[in-house]
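What follows is one structure encoded as structure tokens, with my remarks underneath.
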Amino acid sequence: MSTITAEELSATTLLRFATAGSVDDGKSTLVGRLLHDSKSVLTDQLEAVERVSASRGQEGPDLALLTDGLRAEREQGITIDVAYRYFATVRRRFILADTPGHVQYTRNMVTGASTAELTVILVDARNGVVEQTRRHAAIAALLRVPHVVLAVNKMDLVGYEEKVFAAIAEEFTAYASELGVPEITSIPISALAGDNVVEPSANMDWYGGPTFLEHLESVPVSHDLAHCHARLPVQYVVRPQTAEHPDYRGYAGQIAAGTFRVGDPVTVLPSGRATKVTGIDLLGKPVEVAYTPQSVTLLLEDDIDISRGDLIVPSKDAPATTQDIEATVCHVADQPLTVGHRVLLKHGTRTVKAIVKDIPSRLTLDDLSLHPHPGQLVANDIGRVKIRTAEALPVDSYADSRRTGSFILIDPADGTTLTAGMVGESFASPEPVKDESEDDGWDF
């Protein structure tokens, strides 16, 4: 494994990316090849993979084993859970999430891509764009992932034909563009043979673009969250009440977006009380400025009733508080989400009771049409919902803030995550729906 100095690491940027694709498209093999050819695998890890591969009668090391860590994954040759890997080159640091391909594990792809700045969608060159490819493209668009890479894998099995790659790239680009994906890059590869993964392929001289790793190293990473609307969800109220700090009262949390400075006028939501930042503690030391994603403690000018779940925001840039939320959601639970469903809604550090008032539409992935008033969403469905909460919440549009514009719906009976939601409009806008009669039960 190559060695990178601390100075080199500090000078590089960080890229979070996720891989997705259908079953047996070669995601884990691609990740394994990437780690192996970029010299990011420890010697003992490679030796362990070689031993397991030899015991199975394989001629060379099965590089997919570098990411498929669960016993069930290795036995079945598939990915079930999200496998996170950390590696670095001289040019950039990476956190990758290798997500499952099976339809029933789509929820894991939502998890892996929710914080990604780039999503890699693999396609088997023999099969082209399939339903799961479209589903993954829709999820990437729904999660506002700024960069999407279409990796057309197993080019060796179609004779490295340019026309095969071109047809798949054209079909996928047209579909993803309709979804509003801002940037799409198509790369022909063979993860098993190593073509265009780290080194350029001698078998595809017709391709003049970057290799997979070159693109990962050079794609722009817009760390612009520090310039977004400042948001601090309060996680904990710090009251040491010691002889050294008898009157210390701080509000701790991770800055979700934006920048806070000493002296900033701020408002606490949902109460709406206004005050001013008098101090910022970071790692036990006072600082003048703090920005996302730092974890800090804010000191405020006035003694205000603030508790976990409240949101501290700039007074001049406060989001509206509302009990009525319209959102695009991806349903991830086995049990359906129905109109009238009583749920818990978790937004930031706050959890409140809520009820599903309406499901205006469900997205049909084949042609991106909307099926009106489906009545329910089943596992892996993407649709629009209207939710009413028991308490007012300060929510941003997901298009403005991925952190404070997102939420999850939870089953109050057992704590199961039901649905991942993104506030506001998405790539699919539902038709106006007339409000139905009031539901019984949790009527807020």
Semi-axes a, b, c in Å (a largest) for segment 110-186, each sqrt of 5 times a Cα gyration tensor eigenvalue, come to 22, 12, 10
Two pseudo-spin positions, 7 Å from Cα along C-beta at residue 353 and at residue 400, lie apart in nanometres by 2.9 nm
Segment 279-339: spread of alpha-carbon positions along the three principal axes, whole Å, largest first, is 49, 24, 21
Rounded to one decimal in nm, the spacing of the 7 Å Cα→Cβ label points at residue 174 and residue 239 is 6.4 nm
Expected sort for 87-98, 347-358 on mean C-beta neighbours within 10 Å, highest first, is 347-358, 87-98
One can check that the equivalent ellipsoid of segment 248-294, built from the alpha-carbon gyration tensor with semi-axes equal to the square roots of five times its eigenvalues, has lengths in Å, largest first, of 17, 13, 11
For the residue 322, residue 58 Cβ pair and Förster radius 51 Å, calculated FRET efficiency rounded to 0.05 is 0.35
Checked against a 30 Å limit on the C-alpha separation, the offending pairs among 285/316; 276/346; 316/386; 316/346; 27/346 are 27/346
Kirkwood Rh over alpha-carbon pairs of segment 125-264 plugged into Stokes-Einstein at 37 °C, 0.692 mPa s gives a D in µm²/s of 175 µm²/s
For 39, 27, the accessible-area ranking with a 1.4 Å probe, largest leading, is 39, 27
Normalised per residue, the volume inside the convex hull of the alpha-carbon atoms of segment 296-376 in Å³ amounts to 170 Å³
Under 11 Å by backbone N from the virtual spin label 7 Å along Cα-to-Cβ at residue 162, the residues of segment 194-210 are 204-208
Note: residue 391 to residue 130 extended length (0.36 nm per residue) minus current alpha-carbon separation gives 89.8 nm
Once normalised by the length of segment 214-280, the mean sequence separation of its alpha carbon contacts under 8 Å that are 6 or more apart gives a contact order in percent of 27 percent
For segment 144-159, Karplus-derived ³J(HN,Hα) couplings (6.51, -1.76, 1.60; θ = phi - 60°; whole Hz; x for glycine and proline) come out as 6, 5, x, 10, 10, 10, 8, 9, 7, 8, 6, 5, 5, 7, 10, x
Long-range alpha-carbon pairs in segment 204-289, meaning those over 20 Å apart, account in percent for 52 percent
Distance in nm between residue 51 and residue 193 label points, each 7 Å along Cα→Cβ, equals 3.3 nm
Here the averaged projected area of segment 363-408, based on the convex hull of its alpha-carbon atoms and given in nm², is 4.6 nm²
Stretched fully, the stretch from residue 254 through residue 301 gains (0.36 nm per residue minus C-alpha distance, one decimal, in nm) 14.9 nm
Given backbone amide H placed at 1.01 Å from N, residues whose amide H is under 5 Å from that of residue 300, ignoring those fewer than 5 places away on the same chain, are 278
Evaluated at 25 °C and 0.890 mPa s, the Stokes-Einstein D of segment 157-220 based on the Kirkwood radius over Cα pairs, in µm²/s, stands at 193 µm²/s
Under 5 Å from the placed amide H of residue 419, counting only residues 5+ away or on other chains, we find 332, 409
Computed on Cα atoms, Rg of segment 272-414 relative to 2.2 N^0.38 Å comes out at 1.27
To the nearest 0.05, the calculated FRET efficiency linking residue 315 and residue 221 through their beta-carbon distance, R0 being 30 Å, is 0.45
One computes Rg over Rh for segment 188-347 from alpha-carbon atoms, with the Kirkwood Rh, and obtains 1.19
Once residue 203 and residue 247 are pulled to full extension, the length gained, defined as 0.36 nm per residue separation minus their Cα-Cα distance, is 8.8 nm
With all protein chains present, segment 250-359 has a carbon and sulfur share of its accessible area (1.4 Å probe) in percent of 47 percent
Dipole check, segment 361-410, charges on Cβ (K,R +1; D,E -1), about Cα centroid: among 405, 372, 390 the Cα furthest to the positive pole belongs to 390
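The values are calculated or read from the model by the stated rules, or taken from the named source; none is laboratory data. Only a predicted model underlies this, so the values are computations on that prediction, with no experimental measurement involved. For neighbour counting, all protein chains shown are included, and Cβ atoms are generated from backbone atoms with ideal geometry for every residue, glycine included. Surface areas here come from the heavy atoms of the whole protein model, side chains and all, with no ligands, DNA or RNA. Shrake-Rupley method; radii C 1.70, N 1.55, O 1.52, S 1.80 Å.
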